[in-house]
1. From Glu67, Glu157, Glu75, Glu91, which residue is of a type outside the set (A, V, I, L, M, F, W, C) and farther than 27 Å from Leu27 by Cβ?
2. Quick check on this structure: which one of Leu89, Leu114, Leu61 is at negative phi, of a type in the set (A, V, I, L, M) and surrounded by 17 or more Cβ atoms within 10 Å (Cβ to Cβ)?
3. Restricting to the stretch 52-96, name every residue that is in contact (Cβ under 8 Å) with a residue 24 or more places away in the chain, under 22 Å from Leu9 (Cβ atoms) and of a type in the set (Lys, Arg).
Amino acid sequence: MLKPLIMSLFDHLYWVNARLLEAADELPSAAFTAPDPATVRDLRATLVHELDVEWSWRLNLQGRLTEDIADLRPEDFPDVGTIRDRWRLDEAEMRAWLEPMTEDDLAAEVDSGLSGDRRPLWRYLMHIVLHAAQQQSDAATLLTLVGRSPGELGYGEFLHATG
């Protein structure tokens with residue numbers, strides 16, 4: 001039962017990301033990078049941070065994260081389009097990795113170089129999804145504050161929108 005749950009949660013994660021990027025499309029660049037005391041990071045930095053976490057944790061769990069791989073930097077993403085392009089690539093790679101997994105694969109314990117512990121893979125995948133929820137909430141707040149609300153982003157809305 002883990003596999004359908006994990007896949008559905010990642011479907012929701014990517015649906016929300018798309019809604020956030022769509023809402024951010026028409027923002028002036030000043031609003032894209034403007035700090036706001038409502039959140040820890042500006043909108044661009046929030047989106048890039050979430051992209052970085054999804055990417056680096058996937059590499060980590062695949063045993064491919066090495067010390068020479070640097071964190072993604074907001075300044076390397078000058079606009080929403082560059083974030084969207086990188087996210088599409090990362091989403092495709094994440095889905096290609098998750099799709100063939102079995103229940104046994106998800107239950108198997110794996111080492112994490114990022115957290116320095118060993119847990120069942122599904123728990124680390126839940127970390128990715130739940131971390132995303134926090135960053136997506138921050139991004140939605142920042143967008144709403146500049147009049148570009150992405151609308152309702154809950155799991156129920158996702159189910160209704162996607163059938």
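Please treat every number below as a calculation from the coordinates, not as lab data. This is a predicted model, so every value here is computed, not measured. As a convention, Cβ positions derive from the backbone with ideal geometry for all residues, glycine included, and neighbour counts pool all protein chains shown.
1. Values: Glu157 fails: farther than 27 Å from Leu27 by Cβ; Glu75 fails: farther than 27 Å from Leu27 by Cβ; Glu91 fails: farther than 27 Å from Leu27 by Cβ.
Just a single option satisfies the conditions, and that option is Glu67.
2. Leu61
3. Within the stretch 52-96, Arg58, Arg84, Arg86, Arg95 qualify.
Rundown of residues vs (1) basic (Lys, Arg); (2) over 15 Å from the mean Cα position of the chain (by Cα), yes/no style:
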| residue | (1), (2) |
| --- | --- |
| Pro37 | no, yes |
| Leu61 | no, yes |
| Glu67 | no, yes |
| Pro78 | no, yes |
| Arg84 | yes, no |
| Asp90 | no, no |
| Glu99 | no, yes |
